[in-house]
Amino acid sequence: MMRAWILPMVFVLCGSAVVMRPALTGDAGTAVALLLVFLALAGAHSPLIFPRSIGAREAERRAAVDSRPVVYWRPGCKYCIRLRFRLGRNGRRLHWVNIWRDPAAAAAVREANDGNETVPTVVVAGRPHTNPAPEWVRDQLKPSG
């Protein structure tokens, strides 16, 4: 759990350090702007932008029932962040599994990617797809027919 927050905390701490100089020299506008940039970076790299993660087994069970894709991801992954932002509201319809929280999920990703924990790995109808285009993932949510 703590590992997921290391990068966001680094952004907050570095941002606080960078903001000190303009703040101490009286340039409040620059200080506020820089702080907002670092806070935005921290938020974008935090687990907060992703829907609540579920376990790998539960995601597989739900996907079998509703045919929605399962997305294996990890905090701080720029490709996972890109996928999440590009999916927009549709991202909430997927089953998200954090591989840092679930050893079975990490093992499933390694099995699909020649021993590597490459994310995002999206499983559709039992077939894994490594780092697919967000548009392709969005298309998988459309009802067939």
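Brief remarks follow.
- Any chance Pro22 is touching a residue at least 60 places away in the same chain (Cβ under 8 Å) and either assigned by TED's automatic domain parsing to the domain that holds Pro120 or more than 27 Å from Pro120 (Cβ to Cβ) (or both): no
- Filter result for Arg93 (surrounded by fewer than 18 Cβ atoms within 10 Å (Cβ to Cβ) and either not hydroxyl-bearing (Ser, Thr, Tyr) or not assigned by TED's automatic domain parsing to the domain that holds Phe11 (or both)): yes
- Output for region 25-65, where each listed residue is more than 30 Å from Ala105 (Cα to Cα), touching a residue at least 12 places away in the same chain (Cβ under 8 Å) and either surrounded by 15 or more Cβ atoms within 10 Å (Cβ to Cβ) or among the polar types (S, T, N, Q) (or both): Ala31, Leu34, Leu35, Phe38
Okay, residues lined up against (1) surrounded by fewer than 17 Cβ atoms within 10 Å (Cβ to Cβ); (2) among the acidic types (Asp, Glu); (3) under 17 Å from Gly76 (Cα atoms):
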residue	(1), (2), (3)
Asn98	no, no, yes
Arg101	no, no, yes
Val109	no, no, yes
Arg127	yes, no, no
Pro134	no, no, no
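The values are calculated or read from the model by the stated rules, or taken from the named source; none is laboratory data. Being a predicted model, the structure only gives us computed values, none of them experimental. Every residue, glycine as well, gets a Cβ built from its backbone with ideal geometry; the counts of neighbours run over all protein chains shown.
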